[in-house]
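What follows is a single structure, written as structure tokens, with notes after it.
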Amino acid sequence: MRHGRFEESMSNLLRDYGESVSFDWRLYAHDILGSIAHARALVKAGYLTEDEFKSIEKGLKTIGEEISAGKFAFSVDLEDIHMNIEKELTNRIGDAGAKLHTARSRNDQVATDIRLYLKDEIAALRKGVCGLQKALVGLASANESVLIPGYTHLQRAQPIPLAHHLLAYVEMLDRDHGRLTDTAARMDELPLGSGALAASTLHLDREAIAQELGFSGVTQNSLDGVSDRDFALELLSALAILGMHLSRLSEDVVLWTTTEFGFAKLSDRHSTGSSLMPQKKNPDIAELTRGKTGRLYGNLFTLLTVLKGLPMAYNRDLQEDKEAIFDSVDTAKMALAVTAEMMGALIINKETATTAASDPALLATDLADELVRKNMPFRKAHDLVGQLAAESAKTGIPLDRLPKEFIREICPELIGEWEGLFDPIRSLKARSATGGPSPNNVSIRLAYWKNILV
Ligand code: ARG
């Protein structure tokens, strides 16, 4: 790269500061795919012979195999993965290798590599999302009859099926899956052919390269082609949102496995101990996901900040995209796999959950609804049932066991059917509007997801 233009060699400090091969080597397989497609287009345009193409293709494939076997010696003097591969190819096959970079810049090359790499990673991430959805559906299904208290403000509110709670995450993950799909669709354009910034005077068939590499189109502006990283931002933002969902689920697991809640137990395989307190069984696994979500947010902000204020077109700042991208992809993939395994092995404590969900106070709203059915305005019903709840709180007598005289005094309308009003199943059965937690709705939705997630 420096031959010709420079007299002095580069400072070692700048070499170490600027090298990216220590992390962008991971793009090697996609870099090689891109180079082979580019070389084929060079043949078609008359800049390479068939024989030269064959030796390029063979050389690149051999280099690829060596890298994947860990037998390739990268050199930081060659800066990045692109130069490392190209230089080694030229060392091995001579002039043909030196022709590979015809009508190409590392700027359109790296933009192509990242898109190719991310299209594959997105496919893996989508699988990971489905894997977690399956684990949640499995857990919900195995505990379909278990009730827990639903919460608002982390105060017990109304009884719900545990399955309804778990399926809420399945819906969230479905949106994550959709965001990943959308992101992949928008990054599905080939930037190769944009050159350094202004394409090339040597014409290649970009559409044919796109087709060979599995892109459904080509970028339409060479400046945008080399400097656009929106597709990576979209992915990092989709992964930040996904992380937020995983973090909320993790927090539920942390809460459920406390002695205070006691709704669930982590399997021993997914629990940690304390170095000091022999009795401890800790949910580090869920806490790590909650913590790692910070990295997913951080990586999004890294890239947003790198991009803001960049003048057109390529600037070396763009090299800073990679570690953020790799880290978010790795972190999200691991978090999905770990969370799926953890949820798949979670042990539900049916008894504690059912006892907590059977607190009669959780059916106070149902009492008010019953009064509404007897033609009372809801605000008045709310007020009367509030008086019952206050009496229960004051005396410590559970709502369903308040003295009959008191009930007759406050809401005589309910006295006839009083006992029957405190059945959580009866309450749930009535919550049958679309999206509601009735047992029938929940089992229909479970069947729906089982069918989708085959
Ligand atoms: N390693 C560089 C990157 O990741 C490749 C492109 C280098 N281009 C350049 N004009 N220096 O962005």
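The table for this structure:
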| read-out | value |
| --- | --- |
| Among residues of the range 372-422, those that are over 48 Å from the mean Cα position of the chain (by Cα) and among the hydroxyl-bearing types (S, T, Y), counted | 1 |
| All helices (runs of 4 or more DSSP H) inside the range 84-187 with 1 or more residues being within 16 Å of the ligand (Cβ to nearest atom) and touching a helix residue (DSSP H, G or I) at 6+ places or on another chain (Cβ under 6 Å) | 106-142 |
| Which numbered condition E19 fails, given (1) of a type in the set (D, E); (2) surrounded by 15 or more Cβ atoms within 10 Å (Cβ to Cβ); (3) more than 13 Å from the ligand (Cβ to nearest atom) | (3) |
| Residue list for the range 195-217, restricted to those being free of Cβ contacts under 8 Å to residues at least 40 places away in the same chain, surrounded by fewer than 19 Cβ atoms within 10 Å (Cβ to Cβ) and not in a loop (DSSP other than H, G, I, E, B) | E207, Q211, G217 |
| Test: residue in the range 348-368 that is modelled with pLDDT of 95 or more, more than 29 Å from T258 (Cβ to Cβ) and either touching a Ser or Thr at 6+ places or on another chain (Cβ under 8 Å) or part of a helix (DSSP H, G or I) (or both) | yes |
| So L13, is it out of contact with any His (no Cβ under 9 Å at 6 or more places or on another chain) and closer than 24 Å to L202 by Cβ | no |
| Residues within the range 301-328 that are β-branched (V, I, T) and away from the ligand (no atom under 13 Å from the Cβ), tallied | 2 |
| Matching residues, the range 348-368, being out of contact with any Gly (no Cβ under 9 Å at 6 or more places or on another chain) and touching a residue at least 60 places away in the same chain (Cβ under 8 Å) | I348, K350, T354, S358, D359, P360, A361, L363, T365, D366 |
| Selected residue (only one of K394, K429, K450 is at pLDDT 95 or above and either within 30 Å of K127 (Cα to Cα) or in contact with a strand residue (DSSP E or B) (Cβ under 6 Å, 6 or more places away or on another chain) (or both)) | K450 |
| Looking only at the range 30-47, and only at residues there that are under 13 Å from L89 (Cβ atoms) and not acidic (D, E), the one that is nearest to the chain's Cα centre (by Cα) | I32 |
| Unmet criterion (only one of (1) over 30 Å from V146 (Cα atoms); (2) modelled with pLDDT of 95 or more) for L246 | (1) |
| Of all residues making up the range 408-430, the number that are outside any helix (DSSP H, G or I) and buried (at least 18 other Cβ atoms within 10 Å of the Cβ) | 1 |
| Those residues of the range 408-422 which are without any contact (Cβ under 8 Å) to a residue 12 or more places away in the chain and in contact with a Lys or Arg (Cβ under 9 Å, 6 or more places away or on another chain), in sequence order | I415, G420 |
| Members of the range 167-194 found to be without any contact (Cβ under 8 Å) to a residue 40 or more places away in the chain and farther than 30 Å from L213 by Cα, listed by number | A168, E171 |
| All positions within the range 284-318 that are buried (at least 18 other Cβ atoms within 10 Å of the Cβ) and either at positive phi or more than 18 Å from the chain's Cα centre (by Cα) (or both) | V306, L307, A313, Y314, L318 |
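Matching residues to (1) surrounded by fewer than 17 Cβ atoms within 10 Å (Cβ to Cβ); (2) within 16 Å of the ligand (Cβ to nearest atom); (3) in a helix (DSSP H, G or I); (4) free of Cβ contacts under 8 Å to residues at least 40 places away in the same chain:
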position	(1), (2), (3), (4)
I56	no, no, yes, no
G59	no, no, yes, yes
T62	yes, no, yes, yes
I67	no, no, yes, no
K71	yes, no, no, yes
H82	no, yes, yes, no
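The values are calculated or read from the model by the stated rules, or taken from the named source; none is laboratory data. This is a predicted model, so every value here is computed, not measured. Ideal geometry is used to build each Cβ from the backbone, glycine not excepted, and the neighbour counts take in all protein chains shown.
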